[in-house]
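Below is one structure, written out as structure tokens; the observations come after it.
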Amino acid sequence: MILGKGAYLKQLTAATMQMKSVEVGKELAGSSPPSVFIGSYNYPDIYAGPMIAPMHGDTGIMDRPEEWISRCSQEEIIGYRMNLVRGKRLNNAFDLDNRFVEKLQEIVLSEHSIESEASFETTPAGFSFSEEHTPFGPSAPLERFEIEEERWDSSLEKVFYDTDLLSRDAILGLHRQGMAFSTIQKAFSAGTMGHGGNRHLVPTRWSITACDTMIGDHLLKNVKQCPVIDTVRLYEYASLNNRYAVILLPTAWQYEWTEAFLHVLGNEEYVFSDYEGFKRKTGYSSLGGCYYSCKMAVLEELAREQRQAGVIVLREALPGYVPMGVFNVRENVRSAMQEPPKEFEDLKGALGHVAERFTLPVQRFVTETTLLQDSLRQKQCTLSDFTPHKKVPSLPDGAEGTG
């Protein structure tokens, strides 16, 4: 991420320090949703381990982001995540030939929640919030870790035993079958797919963006061959203290993701943006994993319709927003794309509708963007077409936006 957004997100995550996670002792018996977490610090020598809830039975909802947007409040989601205890053990990412990693793989391949027991070197403490991965509760190094035998998911089992199948092809195949993104990502992270000799643990944060990117790139290759839509469409959705507006333009593929953080910590109004044209973007996005999660979610719907479009996505994070991982973007945009779209004769009409619903004036988004600004310029629109707004406060050092 760029320094500006990265610095701001550090402030946001620091603001969650008053939250409380579940209290457990050095011995824990419970259920894994199933869930594992693979760290990235000091790669390839990384901390990996299971996530266990101090309760028994079906805990699947605690690590199933695909179901949260439509049925859970932000408080419920945080409650689920703060009840997950992370056990960890140092392991080289390329060393899969040990019983500890085999247990992690058995967890992610399991069809249902899996009963687990753990002993920790110290009492688990703390918690983790991030814009990239879902939160989790206290953590501690493992002394002992045991799991009960559980039936594997048949599709994941087939991928696991096919040591000639590339990871990319495995991920795309499972996605085509309709398997939950989170299930695919965890299996990939735990080194259960790919050529046998090349398999390795992939840090959770990296694996999320890798899966979003592989799926998105595959869908885009197909979408670029499809006919262009014939009108401007607007898809909207709001949840978890976020608003989203997805604008599809009757143009060849181009994509811009712009996000605003409004008064989450105080009086700040920060806007960050990144884009790509018809050609593939080179380098990693300055905005982190959410850029790829949003892109993949929109492409899923375009591929389903077999249509091509230019895509401009606007997001507002409002007071009460808490960083909980890029699932927030992916699942909200997926939900938006399932809503009936509103159609407009031109981009100006769509933005006028957005202006009536968003807190931040459209002109502020326009000034920080590239594709949106270019599209309006081509239509000879100006900022005066939209309602003026009070002067936006300047950004502090290290928190500048991009355009």
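The values are calculated or read from the model by the stated rules, or taken from the named source; none is laboratory data. The structure displayed is predicted, hence computed values, not measured ones. Because the Cβ atoms are built from the backbone with ideal geometry, glycine has one as well, and the counts that use them run over all protein chains shown. Remember, those area values only see protein heavy atoms, side chains included, never the ligands or the DNA or RNA. Shrake-Rupley method; radii C 1.70, N 1.55, O 1.52, S 1.80 Å.
Would you say L219 is out of contact with any Gly (no Cβ under 6 Å at 6 or more places or on another chain) and in a strand (DSSP E or B)? If you could, list the steps in order and put the result at the bottom.
Numbers: out of contact with any Gly (no Cβ under 6 Å at 6 or more places or on another chain): yes; in a strand (DSSP E or B): no.
So L219 fails the test.
The criterion of being modelled with pLDDT of 95 or more and under 30 Å from G191 (Cα atoms) holds for S31. Filter segment 222-267 for residues that are farther than 18 Å from Q74 by Cβ and of a type in the set (A, V, I, L, M) and give the result. Result: V223, V228, I229, V232, L234, A245, V246, I247, L248, L249, A252, A260. All of L219, L249, L265 fail the test of being within 26 Å of W68 (Cβ to Cβ) and at pLDDT 95 or above, apart from L219.
If you check A260 against the conditions, is it touching a strand residue (DSSP E or B) at 6+ places or on another chain (Cβ under 8 Å), open to solvent by 40 Å² or more (accessible area, probe 1.4 Å) and at negative phi?
Working: touching a strand residue (DSSP E or B) at 6+ places or on another chain (Cβ under 8 Å): yes; open to solvent by 40 Å² or more (accessible area, probe 1.4 Å): no; at negative phi: yes.
No: the conditions fail for A260.
Within the option set L376, L395, L299, being modelled with pLDDT of 95 or more and aliphatic (A, V, I, L, M) holds for one residue only, L299. If a residue has to be in a helix (DSSP H, G or I) and buried (at least 18 other Cβ atoms within 10 Å of the Cβ) to count, how many in segment 44-65 make the cut? Result for segment 44-65: 3.
Within the group P141, P124, which residue is closer than 23 Å to S40 by Cα, surrounded by fewer than 18 Cβ atoms within 10 Å (Cβ to Cβ) and either in contact with a Ser or Thr (Cβ under 7 Å, 6 or more places away or on another chain) or not basic (K, R) (or both)? Exactly one of P141, P124 is closer than 23 Å to S40 by Cα, surrounded by fewer than 18 Cβ atoms within 10 Å (Cβ to Cβ) and either in contact with a Ser or Thr (Cβ under 7 Å, 6 or more places away or on another chain) or not basic (K, R) (or both), namely P141. Beta carbons closer than 8 Å, at least 6 apart along the sequence or on distinct chains, pair a first residue in segment 50-63 that is touching a residue at least 24 places away in the same chain (Cβ under 8 Å) and within 7 Å of G30 (Cα to Cα) with a second that is acidic (D, E) and assigned to a strand (DSSP E or B) for H56/E115.
Could you list, in sequence order, the residues of segment 291-314 that are part of a helix (DSSP H, G or I) and open to solvent by 10 Å² or more (accessible area, probe 1.4 Å)? Don't jump to the end; show me each part of the working.
Keep residues of segment 291-314 that are part of a helix (DSSP H, G or I), which gives 291-305.
If the condition is that a residue be part of a helix (DSSP H, G or I) and open to solvent by 10 Å² or more (accessible area, probe 1.4 Å), then Y292, K295, E300, E301, A303, R304, E305 are the ones that fit.
If only residues of segment 1-28 that are open to solvent by 40 Å² or more (accessible area, probe 1.4 Å) and modelled with pLDDT of 95 or more are counted, the one that is farthest from H112 (Cα to Cα) is K26. Close contacts from segment 149-163, counting a first residue that is open to solvent by 60 Å² or more (accessible area, probe 1.4 Å) and a second that is hydroxyl-bearing (S, T, Y) and at pLDDT 95 or above, with Cβ to Cβ under 9 Å and a gap of 6+ residues or different chains, come to R151/S110. Which one of these does N267 not meet: (1) under 27 Å from G320 (Cα atoms); (2) touching a Phe, Trp or Tyr at 6+ places or on another chain (Cβ under 9 Å); (3) surrounded by fewer than 19 Cβ atoms within 10 Å (Cβ to Cβ)? It is condition (2) that N267 fails.
What number of residues within segment 198-237 satisfy the criterion of being within 22 Å of L302 (Cβ to Cβ) and either open to solvent by 10 Å² or more (accessible area, probe 1.4 Å) or under 16 Å from the mean Cα position of the chain (by Cα) (or both)?
First pass over segment 198-237, keeping only residues within 22 Å of L302 (Cβ to Cβ): 208-237.
Restricting the remaining residues to those that are either open to solvent by 10 Å² or more (accessible area, probe 1.4 Å) or under 16 Å from the mean Cα position of the chain (by Cα) (or both) gives 208-222, 224-228, 230-231, 233, 236-237.
Qualifying residue count, segment 198-237: 25.
For segment 152-205, a residue qualifies if it is of a type in the set (F, W, Y) and either touching a helix residue (DSSP H, G or I) at 6+ places or on another chain (Cβ under 9 Å) or at positive phi (or both), and the qualifying residues are W152, F160, F181, F188. Checking each residue in segment 346-369 for being open to solvent by less than 30 Å² (accessible area, probe 1.4 Å) and within 23 Å of G277 (Cβ to Cβ) picks out L347, A350, L351, V354, V362, F365, V366, T369.
Whether any residue in segment 66-73 is surrounded by fewer than 19 Cβ atoms within 10 Å (Cβ to Cβ), part of a loop (DSSP other than H, G, I, E, B) and within 20 Å of the chain's Cα centre (by Cα) is what I want to check. Looking through segment 66-73, at least one residue is surrounded by fewer than 19 Cβ atoms within 10 Å (Cβ to Cβ), part of a loop (DSSP other than H, G, I, E, B) and within 20 Å of the chain's Cα centre (by Cα). Of the helices (runs of 4 or more DSSP H) that lie entirely inside segment 85-202, those containing 1 or more residues that are of a type in the set (K, R) and within 22 Å of T59 (Cβ to Cβ) span 99-109, 181-189. What about E339, is it open to solvent by 30 Å² or more (accessible area, probe 1.4 Å) and part of a strand (DSSP E or B)? Judged against the criteria, E339 is not a match.
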